[in-house]
Amino acid sequence: MCSAEDVEARLGRLLDEGERGMVGVLIADASQLVDLEAGFPPRPDPLPYFFASLAAKLVTRVVRNPDGFVSEQAGEYSYRIAGESAAGLALTETEKRQVARFLGRNPLRSVAIDAGIDLGVRRQITPGRNHNDYWS
């Protein structure tokens, strides 16, 4: 879905040998996550750039922050990053909405509500009859 070169371009540096092996596995994992969210397979050919860039973004996020730290503190020094930047190899809610929007999925959903009524025991009500006759 993306390449190690795509990840290097986003990092702004070359990967070292240890990172290159890890990135290969992360690309495969990120590609599966994007495929799952998008509803692939089959994966379209050619693959839209949006999906390749999303997979590269997931991998870059892990390379930059492999342990998923959100903040650190040493004495008076403290550092905090946005929670979405520490999401690791998971799609954030924003990224999931972007995938849905790209695919033209409607964000509106119907919610099934179960009132506990068995529709099989309903009877037609006829005017003029005693309502107690319907439940016997």
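Here are the numbers for this structure:
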item: Largest-first principal axis extents, alpha carbons of the range 33-108, Å; result: 52, 28, 16
item: Per DSSP, loop chymotrypsin sites (Phe, Trp or Tyr not before Pro) in the range 1-110 with at most 13 further Cβ within 10 Å; result: Phe69
item: Integer Hz, Karplus 6.51/-1.76/1.60 couplings in order for the range 45-58, x for Gly and Pro; result: 10, x, 6, x, 4, 3, 6, 5, 5, 5, 4, 5, 5, 4
item: Pairwise label distance in nanometres, Val111 with Arg97, each label 7 Å out on the Cα-Cβ vector; result: 1.7 nm
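Since every read-out is calculated from the coordinates, none of them should be taken as a lab result. Since this is a predicted model, take the numbers as computed values, not measurements. Cβ sites come from the backbone with ideal geometry, for glycine too, and all protein chains shown count toward neighbours.
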